Amino acid sequence: MKLDIPYMLEHLTLEEKAGLCSGKDQWFTKAVERLGLPSIMVSDGPHGLRTQKEKVNGQYIGSIKSVCFPTGCALACSYDRDLMHHVGNDLGKEARAEGVQTLLGPAVNIKRSPLCGRNFEYLGEDPYQVGEMASSYVKGVQEEHVGVSLKHFAANSQEFRRMSIDEHIDERTLREIYLAAFEKVVKEAKPWTLMCSYNQINGAYSSENPWLLTKVLRDDWGFDGVVMSDWGAVNRRVPALRAGLELEMPSSGGVNDRKIVAAVKDGSLSMEVLDRAVRRLLEWIQKGVEDTSHAPYDKEADHEDARKASCACAVLLRNEHSLLPLPSFDGVLFVGPFAKKPRFQGGGSSHINNFKLTSAIDAAPGVTYLPGMGDDSETRDEKRLEEAVSASSSAKAVVVFAGLPETWESEGYDRATLSLPPCQDELIAKLVEKNKNIIVVLHHGSSVTMPWRNDVASILDMYLGGQAVGGATVDLLLGKVNPSGKLAETSPLRLEDTPCYLDYDKGQHDAYYGERVFVGYRWYDERKLPVQYPFGFGLSYTTFSLSSLSVSSKVFKEGDLLVVTLKVKNTGKKTGSEVVQLYVAPPKGLSVARPPKELKGFCKVFLQPGEEKEVTMTLDGRSFSYWDNGWRAEKGVYAIAVGPSSQELTLTASVTVEEKPRKLTITDATTIGDVLGSGYPYPAFEQFFKQMMRQMSATDGTLGSGEKAMREAMMMSLPLHAVCSFTNLDLDVLLKMLS
Ligand code: GLC
């Protein structure tokens, strides 16, 4: 369908234009039949279609039967861009087939705390990895002529009071951590829409924040699509429209439409702002209706895709004496209700009415099973506990299915603890006393503490692996598939060690990001804090070696690209995939505090036993940069470190970053040291400074070495406005030297 957008813009009435800026109802935009403008449908995502079509008394109820893929927390662990792309393709086909024009996802908020109830939907703690994975997903969906809504823009880092909390974040932290994934996706995958978050950022609601929705999103990043609100996130409609929020969802029942009309009529809102929003909306609708063919999709085939995806996401955290893979389930005991009824998705708007569910027991018919606890996976049951413990002593191996019950984490509220239900920890502790071959399979949306981790033989982390997770678990336990996932979040030892422990969920109205850019592994690395399992960690049933690291140049200048190559070899006996990670470590003594290292590249490589492949990753200026009123790659010698985990970097190379001297932005706090250290030529100032030091050196003979050092230090940290106090020099003369 082709829309005549210029004609529509010319002939839409003011009331119709205002009406287009809010939904018709929960899931549809308004149509304007007289001009041939259709209504389009949006639907949650992000890991399946939560599409509502049925209404009772005008209210949507339930959702269609659809395919529940692994959730974001699991997909992220695959580190597989192609997989994310394929899942996006599947979801795009399903959406189009069901008449959905835009899928509400992916959710790319950074995991600031493992307590966040919504972490199961999010992709991790590192903005580079999140941005890469989300970009692949978005390309996959939009290739099927269905849009996405990149969410929640921005800093929706907690569920507690999410609709009002004020997130106090300095700009550098925002740019480098909480906005960076959005930026990458906007620039690399061009999402049709974004969804603004509920919360405030530094005192401004995201729905009406012009710095966020126009300066950053559109002026800096070049986005020209539609920003829709999260459901009920609009605070004041007219300021929101001015700020760059085109669509209020869901409908405001005409209340805010009338406010827009009144504002145009009283002159407080210009027609050009309204027309700008309407143009963007019409262009979005046009994209949505360009291809209305409803290619049928095959749910069973997508279920198999979900199973393969879940396999690729699984993280093998421990595998003592190579207990896994098991030769068969003969003599093996399955324990824990999740074996029968797996936890495979999260609660809230992303909850899928899955058409099918494969549990581990479904996939392993005949296996011996005992619950070991209450059916809800959180109630202690003495009889069942005893029964499982006594049965375990005669088993060849015991597979314990553990994890977070669905009420322990969800959209809408945050977790109270990092622990699993005590009955699960107790069960595992008792089992290891009876049998050394204990295998724990985990289902959860965010890090959990594992006090038994060094007592069990194996730990296979499935996260929330979608409706086929049971089949995937069995494929992995039996070695039909080799685990290849890596953690996309640090698994901390204690809640007290987490970066935002002192602040998280502690304020009723405000959150203060005192940890700044030190989120996730950046924090634990800088503080040298031990963790349960590090970011990027994951084992395999085979082994790999890395060699021959090389960089295309030892010097990096602005505008360069640096190509990093290395070889990866499968040195074991089983086919498998390795995720090679590349971290950049800045030099010491930069102008700002920077994390010890940051992920700036990764690639997943599939290898037969004995096979070796060369892999390449490319770095650009941003790979070395931090935010300082613009992106800055400060000069110095940087380390390029590669390895299979953030704490196992087996090869390193160094690169000297050169930097064009930058003219200083003079402020009241600019010091003599800043000027002389900038590398930028200020000949008059340098001349003046030499003369000043000559005059001062006349008294050098009377100073001890300590006093000389102190004087030197004080000179360097002397702000320009204070120089005239010591030299009777007019500040304006000094500033002219620096102009
Ligand atoms: C919810 C969620 C958002 C979802 C929307 C529509 O409140 O925050 O992710 O897409 O409402 O269900």
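Filter the stretch 1-32 for residues that are closer than 24 Å to residue 262 by Cα and among the acidic types (Asp, Glu); which is nearest to the chain's Cα centre (by Cα)?
25
Return the total of residues in the stretch 168-195 being among the hydroxyl-bearing types (Ser, Thr, Tyr) and touching a helix residue (DSSP H, G or I) at 6+ places or on another chain (Cβ under 7 Å).
Number of matching residues: 1.
Within the stretch 506-530, track down each residue that is assigned to a loop (DSSP other than H, G, I, E, B), surrounded by fewer than 20 Cβ atoms within 10 Å (Cβ to Cβ) and of a type outside the set (A, V, I, L, M, F, W, C).
Scanning the stretch 506-530 gives 506, 507, 508, 509, 514, 516, 528, 530.
So which of 343, 380 ends up being in contact with a strand residue (DSSP E or B) (Cβ under 9 Å, 6 or more places away or on another chain), more than 16 Å from the ligand (Cβ to nearest atom) and under 15 Å from residue 402 (Cβ atoms)?
Checking each option against the conditions leaves just 343.
Pick from 138, 186, 146: which is crowded, with 24+ Cβ neighbours inside 10 Å, without any contact (Cβ under 8 Å) to a residue 40 or more places away in the chain and away from the ligand (no atom under 13 Å from the Cβ)?
None of the others qualify; the one that does is 186.
Only residues that are under 19 Å from residue 156 (Cα atoms) and open to solvent by 60 Å² or more (accessible area, probe 1.4 Å): list them for the stretch 210-228, please.
Residues satisfying the conditions are 210, 211.
Is there any pair with a first residue in the stretch 637-665 that is of a type in the set (Lys, Arg) and a second that is open to solvent by 40 Å² or more (accessible area, probe 1.4 Å) whose Cβ atoms are under 7 Å apart and which are 6 or more apart or on different chains, and what are they?
Sorted first by the residue in the stretch 637-665, then by its partner, the pairs are 660/558; 662/680; 663/680.
Would you tally the residues in the stretch 336-349 being surrounded by 24 or more Cβ atoms within 10 Å (Cβ to Cβ) and over 30 Å from residue 392 (Cα atoms)?
Residues that pass the stated criteria total 1.
Looking at (1) within 16 Å of the ligand (Cβ to nearest atom); (2) under 14 Å from the mean Cα position of the chain (by Cα); (3) without any contact (Cβ under 8 Å) to a residue 40 or more places away in the chain, find the lone condition where residue 174 falls short.
(1)
Scan the stretch 350-372 and give yes if some residue there is of a type in the set (Ser, Thr, Tyr), within 16 Å of the ligand (Cβ to nearest atom) and out of contact with any helix residue (DSSP H, G or I) (no Cβ under 6 Å at 6 or more places or on another chain), otherwise no.
no
Restricting attention to the stretch 483-499, which residues are assigned to a loop (DSSP other than H, G, I, E, B) and surrounded by 22 or more Cβ atoms within 10 Å (Cβ to Cβ)?
Listed by number, the residues that qualify are 483, 484, 485, 486, 487, 488, 489, 490, 498, 499.
Tell me whether the stretch 553-561 contains one or more residues that are modelled with pLDDT of 95 or more, open to solvent by less than 40 Å² (accessible area, probe 1.4 Å) and under 21 Å from the mean Cα position of the chain (by Cα).
No.
Which of the residues that make up the stretch 686-736 are touching a residue at least 24 places away in the same chain (Cβ under 8 Å) and within 46 Å of the chain's Cα centre (by Cα)?
715, 716, 717, 718, 719, 720, 721, 735
Look at the stretch 149-171 and say how many of its residues are open to solvent by 10 Å² or more (accessible area, probe 1.4 Å), within 16 Å of the ligand (Cβ to nearest atom) and in contact with a His (Cβ under 8 Å, 6 or more places away or on another chain).
So the answer is 2.
Which pairs have Cβ atoms under 7 Å, sit 6 or more apart or on different chains, and link a residue in the stretch 486-512 that is β-branched (Val, Ile, Thr) to one that is assigned to a strand (DSSP E or B) and open to solvent by less than 10 Å² (accessible area, probe 1.4 Å)?
That search, which allows pairs on different chains as well, returns 498/492.
The values are calculated or read from the model by the stated rules, or taken from the named source; none is laboratory data. Every value quoted in this text rests on a predicted model; they were computed, and no experiment measured them. Positions of Cβ are generated from backbone atoms using ideal geometry, with glycine treated the same way; all protein chains shown enter the neighbour counts. For the accessible areas, the whole protein counts, side chains as well, though only heavy atoms, and no ligand, DNA or RNA atoms are used. Shrake-Rupley method; radii C 1.70, N 1.55, O 1.52, S 1.80 Å.
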